[in-house]
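**Student:** Dropping the structure in here first, questions after.
The values are calculated or read from the model by the stated rules, or taken from the named source; none is laboratory data. None of these values were measured; they are calculated from a predicted model. As a convention, Cβ positions derive from the backbone with ideal geometry for all residues, glycine included, and neighbour counts pool all protein chains shown. Accessible surface areas use protein heavy atoms only, side chains included; no ligands, DNA or RNA. Shrake-Rupley method; radii C 1.70, N 1.55, O 1.52, S 1.80 Å.
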Amino acid sequence: MPVRNRFAELHDEISGWRQELHAHPELQFDVERTAGFVEARLREFGCDEVVTGIGRTGLVGLIKGRHNGSGRVIGLRADMDALPIHEDTGVEYASTVPGRMHACGHDGHTAMLLGAAKYLSETRNFDGTVAVIFQPAEEGGAGGREMVDDGMMEQFDIDEVYGMHNVPGRALGEFAIRSGAFYASTDELHITITGKAGHAAQPHQTVDATVVAAHVVTALQTIVSRQIDPVEQVVVSITSFETSTTAYNVVVEEVVLKGTLRTMTEENRDFAKRRIVDIAEGISASLGAKADAQIIEGYPVMVNSDRHAEFAAQAAMKVAGVCETAPIYLWGEDFGFMLNARPGAYIHLGIGDNAPLHHPRYNFNDEAIPAGCSFFVELAESRLPVAG
């Protein structure tokens, strides 16, 4: 079945929701206004139950089908938070909050899932229950983990869970997915190197933390280039090099390095973590300095179940006629926490020509709304079919 006709009728309304959310972006867990907007819509639709305060500010709406012989529950998830970026789109519904904008399309994700929830509440042409999940803090706050740790899967007896992300540059309304590892793990690196400060004209009386840090940065590149199979996808990037003073004539005592580690397997993740610590500490010690290497664990590798990725692909093909194989991304996505808790899959939806994600001129394409809504509905109905 192609894009559902009902979403042509609802398109202006759903676009209006999206633009309202776009104009009032909120960050991480501080999404009270957005969550309140979502809650009000779900109650208007006649959801059987709306539960708030899950994972701090997340919420779940339950929609029961005409039948419940299956006893099964599937989860459909959207993220709600924005980014700390100043908007430069010039649209009439641009962000009203300086320094915040929906630069990743979470306003579109939320609006599309709301549209699907309205349709499913009207038709209820399925056997079981659909749980529509609205999550805070995807952008660095691990809101997905918070909702899982709050017992969401057990509380609502969710059997499987699905998510979607828009992709600029992919043809409007087309889908792509892959089985297995899809997005990378994301860990933060904080390495503090301490030497001995002194006058730049008397370097022999110092331990130059800048020189030590430079050696550490260079050596860290050998983890990927010389210690991991070249066919594997691993990134070790040092993105910040901060000295304890900016004076031109001082050998600094302390340098702080920051960066990111991205891997597609937990084995490579563990290996790289160990080598980062070993290299930082070992090189620093060999040059008379000390290193404190802290690795702040981020999102896990996001892994689509083979079986459930195929279910999602079949639903996408019914909507768009095709579903391509997506490439691996070294991006991070905290939907991985939900997929670690329950089997499921994550899919991409093309929104046509657009600025890149996380760009000040990005703006979700409302013309993608019917396809996204139709996908959620098709997936729900196909996974919870009515007998006969």
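**Student:** Picking from Pro356, Pro25, Pro168, which is most flexible by a Gaussian network model of the chain using Cα springs under 10 Å?
**Tutor:** Its mean-square fluctuation being the largest, the pick is Pro356.
**Student:** Further question: I need the GluC sites (Glu not before Pro) found in region 79-177, filtered to DSSP loop residues with at most 12 other beta carbons within 10 Å of theirs.
**Tutor:** Filter output for region 79-177: Glu92.
**Student:** Per residue, what accessible area does region 110-158 have, given a 1.4 Å probe and all protein chains present, in Å²?
**Tutor:** For region 110-158, the per-residue accessible area is 25 Å².
**Student:** Taking trypsin sites (Lys or Arg not before Pro) that fall in a DSSP loop and have at most 16 other Cβ atoms within 10 Å as cut points, what is the longest piece of the chain between them? Mind dumping the intermediate values first?
**Tutor:** Details: sites that count: Arg66, Arg361.
In short, 67-360.
**Student:** What Kirkwood Rh does region 32-106 have if only Cα atoms enter the pairwise 1/r average? Answer in Å. Mind dumping the intermediate values first?
**Tutor:** On the way: mean 1/r = 0.0676 Å⁻¹.
Kirkwood radius, region 32-106: 14.8 Å.
**Student:** So, counting K/R as plus one and D/E as minus one, what does the shell of residues with Cβ under 13 Å around Ala8 add up to?
**Tutor:** It works out to a net charge of -3.
**Student:** Moving to a separate point now. Where the centroid of each part is defined by its Cα atoms, how far is region 118-135 from region 348-362 in Å?
**Tutor:** That distance is 28 Å.
**Student:** Determine the principal axes of the Cα atoms in region 236-315, then give the extent along each, sorted from largest to smallest and rounded to whole angstroms.
**Tutor:** 65, 25, 14
**Student:** Please list the radius of gyration and Dmax for the chain, considering alpha-carbon atoms only, with Å as the unit.
**Tutor:** 23.7, 87
**Student:** With +1 assigned to the C-beta of every Lys and Arg and -1 to the C-beta of every Asp and Glu, and no other charges, what is the dipole magnitude of region 272-358 about the Cα centre in debye, to the nearest 20?
**Tutor:** With only Lys, Arg, Asp and Glu charged at Cβ, the dipole is about 180 debye.
**Student:** For region 153-272, count the residues as N, evaluate 2.2 N^0.38 Å, and divide the Cα radius of gyration by that value, please.
**Tutor:** Compactness ratio reported: 1.59.
**Student:** Which net charge results when you count Lys and Arg as +1 and Asp and Glu as -1 among the other residues whose beta-carbon is under 12 Å from that of Ala23?
**Tutor:** Here the charged neighbours net out to -2.
**Student:** Here is a further query. What number of lysine-lysine pairs in the chain show an alpha-carbon separation below 22 angstrom, given a sequence spacing of 8 or more or placement on distinct chains?
**Tutor:** 7
**Student:** So, counting K/R as plus one and D/E as minus one, what does the shell of residues with Cβ under 13 Å around Gly128 add up to? Intermediate results must be reported in sequence, preceding the final value.
**Tutor:** On the way: positive: Lys64, Arg66, Arg72, Arg124, Arg383; negative: Asp48, Asp127, Asp157, Asp159, Glu160, Glu381.
After counting each charged neighbour, the total is -1.
**Student:** Relative to the Cα centre, what is the charge dipole magnitude of the chain, using +1 at the beta carbon of each Lys and Arg, -1 at the beta carbon of each Asp and Glu, and rounding to the nearest 20 debye? Intermediate values should be presented prior to the final figure.
**Tutor:** On the way: 31 positive and 54 negative charges, 101 e Å.
Using Cβ point charges on Lys, Arg, Asp and Glu, the chain gives about 480 debye.
**Student:** Name the residue from Ala368, Ile14, Thr218 whose Cα lies farthest towards the positive end of the charge dipole of the chain, charges +1 on Cβ of Lys and Arg and -1 on Cβ of Asp and Glu.
**Tutor:** Result: Thr218.
**Student:** With a 1.4 Å probe and all protein chains left in place, how much accessible area per residue does region 234-388 have, in Å²?
**Tutor:** Ligands and nucleic acids excluded, the result is 43 Å² per residue.
**Student:** With all protein chains present, how much of the accessible area of region 219-357 (probe radius 1.4 Å) comes from carbon and sulfur, to the nearest whole percent? Write out the running numbers ahead of the final one.
**Tutor:** Numbers: 3330 of 6650 Å².
Summing carbon and sulfur atoms, their accessible area is 50 percent of the total for region 219-357.
**Student:** Sticking with this structure for a sec: Run the accessible area of region 50-119 with a 1.4 Å probe and give the carbon-and-sulfur part as a rounded percent.
**Tutor:** Answer for region 50-119: carbon and sulfur cover 47 percent of the accessible area.
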